[in-house]
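Encoded as structure tokens, the structure appears first; notes follow it.
Rule-based calculations on the coordinates, nothing more; no lab input. Model, not experiment: these values are computed from the prediction. Positions of Cβ are generated from backbone atoms using ideal geometry, with glycine treated the same way; all protein chains shown enter the neighbour counts.
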Amino acid sequence: MRTRIFPAAFAVAALALLAATPATAAGNSNIPSQPTLKQVVNGSWRTPAFVQRDRYRHPLEVLQFFGIQPGMTVVELAPAGGWWTEMLAPYLKAEGHLIETVPPEGSKGFMGRMRSRFLAKLEASPELYSKVTTVPFDPPATVMLGPPNSADLVMTFRNLHDWVNADDGSAQAVFEAAYRVLKPGGVFGVTDHRAMPFANGREASKKLHRLPEDFVIQMGLDAGFQLAGVSQVNANPKDPMTINIHHLPPNLAHDTPAEKKKYLAIGESDVFVLKFVKPKAGAATSGSAGG
């Protein structure tokens with residue numbers, strides 16, 4: 001069983017995120033049977049440290065932009081500590097279906113710990129997570145997200161640069177897997193840290209953990225998707241796009257006090273939000289289909 005090895009800075013940041021996740025959620029007894037998006041974003045069960053990041057991540061606006069609806073089948077790729085899961089699971093519990101990807105059984109080291117922590121989170125709060133399905137996911141080899149043409153919406157948040165960094169076809173495999181599982185007309189929502197326009201995508205990813213927006217758009221088109229929309233809801237004009245994102249909040253990795261003050265004033269990274277659509281039968285495409 002192969003195990004993905006991530007850069008050390010990413011591992012430290014992700015472990016911090018997992019550590020912020022409580023084993024149980026508080027205040028779950030008053031969850032409406034079919035909450036609105038606003039209700040799940042404002043849910044009392046959400047981890048306080050996660051809520052503090054809403055001003056940068058704008059979950060309500062992002063989910064509205066991707067077009068999520070209660071009855072959908074939704075796949076979230078690489079949920080880490082479950083920042084989005086805390087909102088997606090109760091929103092889809094009554095009428096929809098949430099599928100979360102996890103490292104395969106038997107994963108070692110950091111990936112094994114992330115798997116165990118996330119599954120423990122789900123098990124600890126059945127009132128939130130009892131209807132969530134998990135599938136093993138370790139691109140490029142293990143990327144089966146569900147039956148072909150079965151999902152309405154696939155989303156991944158700030159993960160794509162790590163698959164690009166792997167330099168083993170993982171990023172392409174992810175786009176192809178999303179294309180296969182989506183119904184015609186289904187949406188693939190992608191967010192990531194923005195690099196300078198027209199920069200070398202792989203260099204920016206390895207050095208800064210960022211991706212140029214045009215680079216990602218081309219990846220989507222090459223997989224057979226159409227670009228349906230671009231949102232600037234998570235744009236940050238204070239971010240010069242030349243800083244390794246782990247130096248910015250919430251990580252502030254290895255920074256001096258003076259640097260932390262500077263980076264706190266910038267805030268979290270400038271993030272692009274892209275909405276790709278799998279064409280319906282007979283629609284023209286700009287690239288080759290991924291499945």
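How many residues, within region 123-152, are over 24 Å from G169 (Cα atoms), hydrophobic (A, V, I, L, M, F, W, C) and either free of Cβ contacts under 8 Å to residues at least 24 places away in the same chain or part of a loop (DSSP other than H, G, I, E, B) (or both)?
Of the residues in that region, 1 qualify.
Say we look at region 86-108 and pick out the residues that are under 14 Å from the mean Cα position of the chain (by Cα) and not charged (D, E, K, R); which of these is farthest from V135 (Cα to Cα)? Break it down stepwise before answering.
Just the residues of region 86-108 that are under 14 Å from the mean Cα position of the chain (by Cα), to begin with: 86-88, 98-102.
Going one step further and asking which of them are not charged (D, E, K, R), we end up with 87-88, 98-99, 101-102.
Values: M87: 19, L88: 16, L98: 11, I99: 7, T101: 5, V102: 6 Å.
Here the residue is M87.
Filter region 203-247 down to residues that are among the charged types (D, E, K, R) and under 19 Å from the mean Cα position of the chain (by Cα), then give me how many there are. Please lay out each step first, then the result.
Taking region 203-247 as the starting set, the residues that turn out to be among the charged types (D, E, K, R) are 203, 206-207, 210, 213-214, 222, 238-239.
Right, trim to under 19 Å from the mean Cα position of the chain (by Cα) and you get 206, 210, 213-214.
Qualifying residue count for the region: 4.
Examine region 177-195 for a residue that is touching an Asp or Glu at 6+ places or on another chain (Cβ under 6 Å), under 20 Å from S150 (Cα atoms), surrounded by 15 or more Cβ atoms within 10 Å (Cβ to Cβ) and small (G, A, S), and state whether such a residue exists.
yes
Can you tell me which residue within region 255-273, out of those that are in a loop (DSSP other than H, G, I, E, B) and touching a residue at least 60 places away in the same chain (Cβ under 8 Å), is surrounded by the most Cβ atoms within 10 Å (Cβ to Cβ)?
Within region 255-273, the subset in a loop (DSSP other than H, G, I, E, B) is 255-256, 267-270.
With the extra rule that they be touching a residue at least 60 places away in the same chain (Cβ under 8 Å), the set shrinks to 267-270.
Numbers: G267: 14, E268: 20, S269: 27, D270: 23.
Per the criteria, the residue is S269.
Identify, from the list N234, N244, the residue that is of a type in the set (S, T, N, Q) and under 15 Å from H209 (Cβ atoms).
Numbers: N234 fails: under 15 Å from H209 (Cβ atoms).
Answer to the check: N244.
Which residue is nearest to V277 (Cα to Cα), if the candidates are limited to region 50-70 and must be assigned to a helix (DSSP H, G or I) and either touching a Phe, Trp or Tyr at 6+ places or on another chain (Cβ under 6 Å) or in contact (Cβ under 8 Å) with a residue 40 or more places away in the chain (or both)? Before you say what the answer is, go through the steps one by one.
Restricting attention to region 50-70, the residues satisfying the condition of being assigned to a helix (DSSP H, G or I) are 50-51, 54-57, 59-66.
Still in the running and either touching a Phe, Trp or Tyr at 6+ places or on another chain (Cβ under 6 Å) or in contact (Cβ under 8 Å) with a residue 40 or more places away in the chain (or both): 50, 56-57, 61-62, 65-66.
Values: F50: 29, Y56: 25, R57: 22, E61: 18, V62: 16, F65: 13, F66: 10 Å.
The qualifying residue nearest to V277 (Cα to Cα) is F66.
Considering only region 191-208, I want to know if a residue exists there that is of a type in the set (A, V, I, L, M, F, W, C), outside any helix (DSSP H, G or I), in contact with a helix residue (DSSP H, G or I) (Cβ under 7 Å, 6 or more places away or on another chain) and closer than 24 Å to P237 by Cα. I'd like the intermediate steps shown before the answer.
Looking only at region 191-208, we keep the residues that are of a type in the set (A, V, I, L, M, F, W, C), and these are 195-196, 198-199, 204, 208.
Those left that are additionally outside any helix (DSSP H, G or I): 195-196, 198-199.
Imposing the further condition that a residue be in contact with a helix residue (DSSP H, G or I) (Cβ under 7 Å, 6 or more places away or on another chain) reduces the set to 195, 198.
Those left that are additionally closer than 24 Å to P237 by Cα: 195, 198.
Yes, that holds for at least one residue.
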